[in-house]
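Below you'll find the structure, written out as structure tokens, and then a few comments.
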Amino acid sequence: MDVKIEQSWKQHLGGEFEKPYFLGLTSAVRKEYNAATCYPPGRLIFNAFNLCPFDQVKVVIIGQDPYHEPGQAHGLSFSVQDGVAFPPSLQNIFKEIQNDLGVPLPKSGDLTRWAEQGVLLLNATLTVRAHDANSHATLGWQTFTDAAIRALAAQREHLVYMLWGGYARGKAYMIPKERNLVLESVHPSPLSANRGGWFGNHHFSQCNAYLQEHGMEPIKW
């Protein structure tokens with residue numbers, strides 16, 4: 001089937017689009033979008049891939065599923081559309097960047113600027129029903145997004161994987177640690193972050209130091 005996704009990702013993941021699970025997934029997602037309000041808008045479901053081609057990925061940040069309130073989700077994990085108030089997790093991410101690198105808090109929570117520098121902002125589940133967190137978690141998206149992680153793990157090296165919280169850390173087994181940097185910590189949500197382990201994790205400076213060690217431009221966080 002013809003899936004509208006960036007060409008280099010299509011080359012690496014094209015086989016997934018013909019598999020029975022993916023055909024069932026697309027059918028289920030279409031039904032959900034026809035029956036109820038769902039996020040992100042259909043044209044932005046593959047936004048993380050479209051903004052960050054396979055060969056340009058330098059950093060992978062794994063989220064669970066999209067924000068589920070109006071105007072927030074636009075296909076990038078932890079990111080919200082310009083002009084939308086920062087959700088608490090994103091606020092804590094920006095605070096840690098400020099603490100770690102001295103970068104002032106930004107005016108916009110739109111992380112397109114990261115994606116265009118090679119940060120793959122990948123949610124494990126790419127769609128959600130309005131006001132209903134994890135409502136699409138059983139549709140089959142994770143088989144697809146795991147395939148993306150496996151493709152990167154098999155064919156790219158010297159990537160930085162940021163795994164925040166138990167769910168994202170559960171993906172660590174797919175990543176060869178001997179040729180990548182895997183940074184793990186608690187989730188930046190207030191419930192986890194305020195118990196300790198988020199603030200002061202220095203993931204952003206560690207990431208940039210590793211990229212520079214391997215001859216890559218650091219990310220302007």
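The values are calculated or read from the model by the stated rules, or taken from the named source; none is laboratory data. Note that the structure is predicted; figures quoted are calculated from it, not measured. Cβ sites come from the backbone with ideal geometry, for glycine too, and all protein chains shown count toward neighbours. Each accessible area value is taken on the protein alone, full model and side chains, heavy atoms only, with ligands, DNA and RNA left out. Shrake-Rupley method; radii C 1.70, N 1.55, O 1.52, S 1.80 Å.
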Of V119, Y21, P41, whose Cα points farthest to the positive end of the dipole of the chain (charges on the beta-carbon: +1 Lys, Arg; -1 Asp, Glu; origin at the Cα centre)? Y21
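List the pairs from K107/K177; K31/K171; K10/K31; K95/K220 whose alpha-carbon separation is above 27 Å, in the order I gave them.
Going by Cα-Cα distance, K107/K177; K31/K171 fall outside the 27 Å limit.
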Can you order the peptides 108-121, 23-36 by their average number of other Cβ atoms within 10 Å per residue, highest first? 108-121, 23-36
Check cross-link reach from K19 to the aspartates and glutamates: straight Cα distance under 15 Å, and skip same-chain residues fewer than eight apart. D2, D146
Shape verdict for segment 100-153, please, from the Cα gyration tensor: rounded (a/c under 1.5), prolate (a/b greater than b/c) or oblate. oblate
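Given the Cα-Cα distance of Y173 and V3 and 0.36 nm per residue of separation, how much length would full extension add, in nm?
So the extension gain works out to 58.4 nm.
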Per residue, how much accessible area does segment 1-81 show when a 1.4 Å probe rolls over the protein heavy atoms, in square angstrom? 45
Please get the size of the charge dipole for the chain, origin at its Cα centre, with Cβ charges of +1 on Lys and Arg and -1 on Asp and Glu, quoted in debye to the nearest 20. 180
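Have a look at the DSSP beta bridges in the chain and tell me what percent are antiparallel, nearest 5.
Details: 3 of 16 bridges.
So the antiparallel bridges amount to about 20 percent of the total.
Please report, as a whole percent, how much of the solvent-accessible surface of the chain comes from carbon and sulfur atoms (probe radius 1.4 Å). Show your work: numbers first, answer last.
Numbers: 4960 of 9770 Å².
C and S fraction of accessible area: 51 percent.
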Rounded, prolate or oblate: which fits segment 19-74, taking a ≥ b ≥ c as square roots of the Cα gyration tensor eigenvalues, rounded meaning a/c under 1.5, else prolate when a/b beats b/c? oblate
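Using a ≥ b ≥ c from the Cα gyration tensor of segment 4-123 (square roots of the eigenvalues), is it rounded, prolate or oblate, where a/c under 1.5 gives rounded and otherwise the larger of a/b and b/c decides, a/b for prolate?
On the way: a/c = 2.66, a/b = 1.45, b/c = 1.83.
Here segment 4-123 falls in the oblate category.
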For L159, what is the net charge nearby, where nearby means another residue's Cβ is under 9 Å from its Cβ and Lys, Arg count +1, Asp, Glu -1? +2
Convex hull of segment 54-127 built on C-alpha atoms - directionally averaged projected area, nm²: 5.0
